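*Asks:* What follows is a single structure, and I will ask about it in a moment.
Each reported figure results from applying straightforward, stated rules to the coordinates on display, with no laboratory input. A quick note: this is a predicted structure, and the numbers were derived from the prediction, not measured. Every residue, glycine among them, receives a Cβ derived from its backbone with ideal geometry; neighbour counts consider all protein chains shown.
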Amino acid sequence: MNISVNDQMGDFDGVIIPFYENLLATSVLKLPLEALKESKKFEGKIGTTYKLTTITDGKLNEVVLLGLGEVDKLTSRKVLNAFGSAYRVMKKQKVEQVVLNIQGLEKEEFLAKAATEAVVMADYKFDLKTKEKEEKDIKLELITSVNMDVIQESFVLAESNIIGRDLVNQPANLMNPITLSEKVIELGEEKGFDVEVLELKHIESLKMDAFLSVAKASAVEPRFIIMRYKGNPESDDILGYVGKGLTYDSGGLSIKPTNSMVDMKSDMGGSAAVIGAMCAIADMKLKTNVVSVVAACENMIAGNSYRPGDIIGSMGGKSIFIGNTDAEGRLTLIDAMHYIVTRENVKQVIDIATLTGAAIHCTGNAASVAISNNDDFYNKVDESFNKSGEQIWRMPIFDEYKELIKHEEADLTNTAGSPGTITAGLFIGEFTGDLPWVHIDIAGTAFAKKEEGILSKGATGVGVRPLYYLAKK
Ligand code: BES
Ligand code: MG
Ligand code: ZN
């Protein structure tokens, strides 16, 4: 996709025209808007589209009218998905040059940012087909008086979101802990953050027993990836991000049924969120300090697999009973969490993970699920999600739940039972020290079954843009 910004319309064969509900009028093209409204075929309701074809001087123009609803009811989520949908309708028409005209509309800057972000994200599609001829890139011209610099951030955010999606969408035979770490090194060089990759011997010397227990049955070695961005060297305030980086989760000896396994390349959605956010943070040169870590490995099966019934150690020293080898994410996360808290001097910490199927029972695909030990920090996370148009929902921490992660023969158990999303989060919370902490479970939001609005089928890049906004705060 190639986007330019202009205040006058150039050549086009496709035009997207957004309208607020009460302002169904335009001088752009002579369209029968009153008749459309009366027929109730298009009334400008938020997210609705109406497609028609006009002929001017013998040339076909595809027109997509887009409803923006009522101006004071606009939210980031609604407007992003509206622009995403309109762009999808247009793309199906095989056009080459599209103009999207928002000039003079109320909240023009907000619309310009959202439109940019939405079309770049909606344009993305993953496949590894061997193509006969490359599909032509659509040229999109945004007609607005808003300055290009204002829109720059939206480009970066959309592109970083796509970096996240693309990391996850690569199948696990191509994207493994080693190739992931190599990719992060490349991204660090390109965007401007430091990357350190710890190999097996180093991970062993740090005594990351929990992480290593999960990783050891894989034919591919684990990697511990550290990303550092110091945009404000005078300050010792550092924000810490921990992302779950299971490049594949077979369940281990507690093996998953095939149907649950096919999409498990997505079990690195948390790592994609933090890597994508680092790209955006560095690209925008934010004046802040962020360190992100990913304990990257595969959960596989072999003669040396860790077993249900084992009691293992962890970098933080606590012993852990293994009730189920498919509850592996929390094991990799506690060593990553202990590392970032004790070695990287972070002052607040987030972990983000495709952690529990139970999260899907909580909020489906509509929202990520969170727990936190700190209201102020959580509120900032909540605001950052809202700004990005992604949804998040906080669950409670009742005293009863804290008992469930304890075990008779070990300090902790990795299978604490229901409510599974909260107990999984609390297990990680045992390793955060006293830091303000938010745990985000993205099992329901990291991977989409179908394309819709800004989302393509497959990875969603969830978390990338919220974690950027949080760092910006
Ligand atoms: N990666 C899965 C969670 C998951 C499920 C992500 C569905 C995306 C979609 C995780 O490692 C897992 O297997 N969790 C188990 C935990 C259980 C064994 C305590 C689960 O949720 O079933
Ligand atoms: Mg699992
Ligand atoms: Zn998993």
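*Asks:* Give the angle, between 0 and 90 degrees and rounded to the nearest 10, that separates the Cα long axis of helix 269-283 from the longest principal axis of the Cα atoms of the chain.
*Replies:* Helix 269-283 and the main axis of the chain meet at about 60 degrees.
*Asks:* Let me ask something additional. So what J values fall out for the stretch 134-150 if you push phi through Karplus, 6.51 cos²θ - 1.76 cosθ + 1.60 with θ = phi - 60°, rounded to Hz, Gly and Pro as x?
*Replies:* With coefficients 6.51, -1.76 and 1.60, one gets 4, 5, 6, 5, 7, 8, 10, 10, 8, 9, 6, 8, 5, 5, 4, 4, 5 Hz.
*Asks:* Here is a further query. Would you mind checking which residues have amide H under 5 Å from GLY389's amide H? H placed 1.01 Å from N; only 5 or more apart, or other chain.
*Replies:* Sorted by chain and number, the residues that satisfy this are ARG77.
*Asks:* Next question. Mind jotting down the distance between the C-alpha centroids of the stretch 405-473 and the stretch 112-183, whole Å?
*Replies:* The distance from the Cα centre of the stretch 112-183 to that of the stretch 405-473 comes to 24 Å.
*Asks:* Here's a follow-up. Sticking to Cα atoms, compute the Rg of the stretch 2-144 to one decimal and its Dmax as the biggest Cα-Cα distance, whole number, in Å.
*Replies:* According to the Cα coordinates of the stretch 2-144, Rg and Dmax are 15.0, 48 Å.
*Asks:* Apply the Kirkwood formula to the stretch 403-444: the hydrodynamic radius equals the inverse of the mean of 1/r over all pairs of different alpha-carbon atoms; give it in Å with one decimal.
*Replies:* 11.1 Å is the Kirkwood radius here.
*Asks:* Once you mark the GluC sites (Glu not before Pro) that are in a DSSP loop and have at most 14 other Cβ atoms within 10 Å, what is the longest gap between them in the chain?
*Replies:* Values: sites that count: GLU70, GLU96, GLU106, GLU132, GLU134, GLU135, GLU199, GLU234, GLU408, GLU409.
In the chain, the maximal stretch lacking such sites is 235-407.
*Asks:* Taking every pair of distinct Cα atoms and averaging 1/r, then inverting, what Kirkwood hydrodynamic radius in Å comes out for the stretch 247-371?
*Replies:* 16.3
*Asks:* Let me ask another. Using amide H atoms built 1.01 Å from N in the peptide plane, name the residues 5+ places from ASN289, or on other chains, whose amide H lies under 5 Å from its own.
*Replies:* Result for ASN289 returns GLY231, ASN232, LEU239.
*Asks:* Tell me, what is the percent relative contact order of the chain, built from C-alpha pairs under 8 Å that lie six or more residues apart?
*Replies:* 16
*Asks:* Could you list TYR124, TYR87 so that the one with the fewest beta carbons within 10 Å of its beta carbon is first and the one with the most is last?
*Replies:* With the sparsest Cβ surroundings first, the list reads TYR124, TYR87.
*Asks:* Let me ask something else about it. Take every Cα pair under 8 Å in the stretch 2-144 that's 6+ residues apart, average their separations, divide by the length, and report that relative contact order as a whole percent.
*Replies:* On the way: 255 pairs, mean separation 48.3, N = 143.
That works out to 34 percent.
*Asks:* How would CYS297, CYS279, CYS362 line up from fewest to most surrounding beta-carbon atoms within 10 angstrom?
*Replies:* CYS362, CYS279, CYS297
*Asks:* Compute for the stretch 39-115: radius of gyration divided by Kirkwood radius, i.e. Rg/Rh, restricted to C-alpha atoms, rounded to two decimals.
*Replies:* 0.98
*Asks:* Could you work out the per residue convex hull volume over the alpha carbons of the chain, in cubic angstrom?
*Replies:* Taking the convex hull of the Cα positions in the chain, it is 153 Å³ per residue.
*Asks:* Report, in degrees rounded to the nearest 10, the 0 to 90 angle that the Cα long axis of helix 76-91 makes with the longest principal axis of the chain.
*Replies:* 60
*Asks:* Compute and list, largest first, the equivalent-ellipsoid semi-axes of the stretch 85-145 from the alpha carbon gyration tensor, each √(5λ) rounded to a whole angstrom.
*Replies:* Values: eigenvalues 141, 29, 15 Å².
Output for the stretch 85-145: semi-axes of 27, 12, 9 Å.
*Asks:* Ok, one more. What is the angle, in °, between the Cα long axis of helix 108-123 and the longest principal axis of the Cα atoms in the chain? Nearest 10 is fine, range 0 to 90.
*Replies:* 70
*Asks:* Starting from the amide H of GLY323, placed 1.01 Å from N in the peptide plane, find each other amide H under 5 Å away whose residue is 5 or more places distant or on another chain.
*Replies:* GLY309, ASN414, THR415
*Asks:* Across the stretch 391-397, in residue order, what do the Karplus-derived ³J(HN,Hα) couplings come to in whole Hz, using 6.51 cos²θ - 1.76 cosθ + 1.60 with θ = phi - 60° and x for Gly and Pro?
*Replies:* Per residue, the Karplus-derived 3J(HN,Hα) values read 10, 9, 9, 8, 9, x, 10 Hz.
*Asks:* Name the trypsin sites (Lys or Arg not before Pro) in the stretch 390-442 that are in a loop by DSSP and that have at most 13 other C-beta atoms within 10 Å, would you?
*Replies:* Filter output for the stretch 390-442: LYS406.
*Asks:* Ranked by Cβ crowding within 10 angstrom, fewest neighbours first, how are LEU66, LEU200, LEU404 ordered?
*Replies:* Final ranking by Cβ density, sparse to dense: LEU200, LEU404, LEU66.
*Asks:* Here is a follow-up. Spelling out what I want: for every residue of the stretch 188-202, take phi, set θ = phi - 60°, compute 6.51 cos²θ - 1.76 cosθ + 1.60 (Karplus), and round to whole Hz; glycine and proline get x.
*Replies:* x, 5, 5, 8, x, 10, 7, 10, 10, 10, 8, 8, 3, 4, 5
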